[in-house]
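Visitor: Below are the structure tokens for one structure; questions will follow.
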Amino acid sequence: DPKIIQKPKYLVAVTGSEKILICEQYLGHNAMYWYRQSAKKPLEFMFSYSYQKLMDNQTASSRFQPQSSKKNHLDLQITALKPDDSATYFCASSQEVDSYEQYFGPGTRLTVL
Amino acid sequence: GDSVTQTEGQVALSEEDFLTIHCNYSASGYPTLFWYVQYPGEGPQLLFRASRDKEKGSSRGFEATYDKGTTSFHLRKASVQESDSAVYYCALSDRWDSGGSNYKLTFGKGTLLTVTP
């Protein structure tokens, strides 16, 4: 059974719209993260959460907002979508925020037209 | 900020060939180094890590040795198989990175390994 679930697997959106990417982990981890992988850049760290609290934000734009409704959930809301937001977004988790091993989900591939 | 530079693009080998993917890093502190592997349609999976100078990480026949002197962590495998075809990422975690997150992974651009039978 998959331990980190990301929904949807593929997402197509129009410029200016808003989407929410879902992430749930069933590893019993206390830290969760978002990374982005685009055609132009390597995997980039976006956010880290520990016990549902934001630890780090390396995203320049406020259009990206993580939402943690439950301990094992970390969704990513993206508003005013732009074509440059097209990328695969990976959710990851680790036992604690200072644990070295981070486990990645399968990703959500977002295309903005 | 921290950075990772690895063999760019694609490495094409035949089964039983020797593999080397180069990885060099730049970090302000004493980072932990990682190799991740990514198969099509999946997220990156941790292959192994090393945290100290001269420490060797290994898994599934792959290995790399932390070399602080040359700031390198080259991935090697003596005999590759077709099933090893994937994208390999070198990454680091620098707890002393004063310029940003202390718990993020910084990845290289990835190297696509293609092994033909």
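Visitor: Going by the conditions given, is A:Pro106 in a loop (DSSP other than H, G, I, E, B) and in contact (Cβ under 8 Å) with a residue 60 or more places away in the chain?
Guide: Working: in a loop (DSSP other than H, G, I, E, B): yes; in contact (Cβ under 8 Å) with a residue 60 or more places away in the chain: yes.
Yes; evaluated as a whole, the condition is true for this residue.
Visitor: Quick test of your reading of the structure: A:Ser17 fulfils all but one of (1) touching a Gly at 6+ places or on another chain (Cβ under 8 Å); (2) assigned to a loop (DSSP other than H, G, I, E, B). Name the failing condition by number.
Guide: Tallying (1) touching a Gly at 6+ places or on another chain (Cβ under 8 Å); (2) assigned to a loop (DSSP other than H, G, I, E, B), A:Ser17 fails exactly one: (1).
Visitor: Which condition breaks for A:Ala80 when tested against (1) part of a strand (DSSP E or B); (2) in contact with a Gly (Cβ under 8 Å, 6 or more places away or on another chain)?
Guide: (1)
Visitor: Also: If you scan the range A:95-113, which residues turn out to be more than 13 Å from the chain's Cα centre (by Cα) and either hydrophobic (A, V, I, L, M, F, W, C) or buried (at least 22 other Cβ atoms within 10 Å of the Cβ) (or both)? Write out each step before concluding.
Guide: At the first step, the residues of the range A:95-113 found to be more than 13 Å from the chain's Cα centre (by Cα) are A:95-102, A:111-113.
A:Val97, A:Gln102, A:Val112, A:Leu113 - these are the residues of the range A:95-113 that are more than 13 Å from the chain's Cα centre (by Cα) and either hydrophobic (A, V, I, L, M, F, W, C) or buried (at least 22 other Cβ atoms within 10 Å of the Cβ) (or both).
Visitor: Restricting the search to the range B:6-45, which residues are in contact (Cβ under 8 Å) with a residue 12 or more places away in the chain, crowded, with 17+ Cβ neighbours inside 10 Å, outside any strand (DSSP E or B) and within 14 Å of another protein chain (Cβ to nearest Cβ)?
Guide: B:Thr7, B:Pro31, B:Pro44
Visitor: Which of the numbered conditions does B:Ile21 fail, given that it passes all the others? Conditions: (1) at pLDDT 95 or above; (2) farther than 26 Å from A:Tyr89 by Cβ.
Guide: Here B:Ile21 clears every test but (2).
Visitor: Any residue in the range A:22-44 that is within 11 Å of chain B (Cβ to nearest Cβ), in a strand (DSSP E or B) and over 15 Å from A:Gly105 (Cβ atoms)?
Guide: Yes: the range A:22-44 contains one or more residues that are within 11 Å of chain B (Cβ to nearest Cβ), in a strand (DSSP E or B) and over 15 Å from A:Gly105 (Cβ atoms).
Visitor: When you check B:Thr116 against the structure, is it of a type in the set (Ser, Thr, Tyr) and closer than 19 Å to B:Thr5 by Cα, yes or no?
Guide: On the way: of a type in the set (Ser, Thr, Tyr): yes; closer than 19 Å to B:Thr5 by Cα: no.
Considered against the rule, which asks whether it is of a type in the set (Ser, Thr, Tyr) and closer than 19 Å to B:Thr5 by Cα, B:Thr116 comes out as no.
The values are calculated or read from the model by the stated rules, or taken from the named source; none is laboratory data. Since the structure is predicted, the reported quantities are computational estimates derived from the model, not experimental observations. Glycine also receives a Cβ, built like all others from the backbone with ideal geometry; neighbour counts cover every protein chain displayed.
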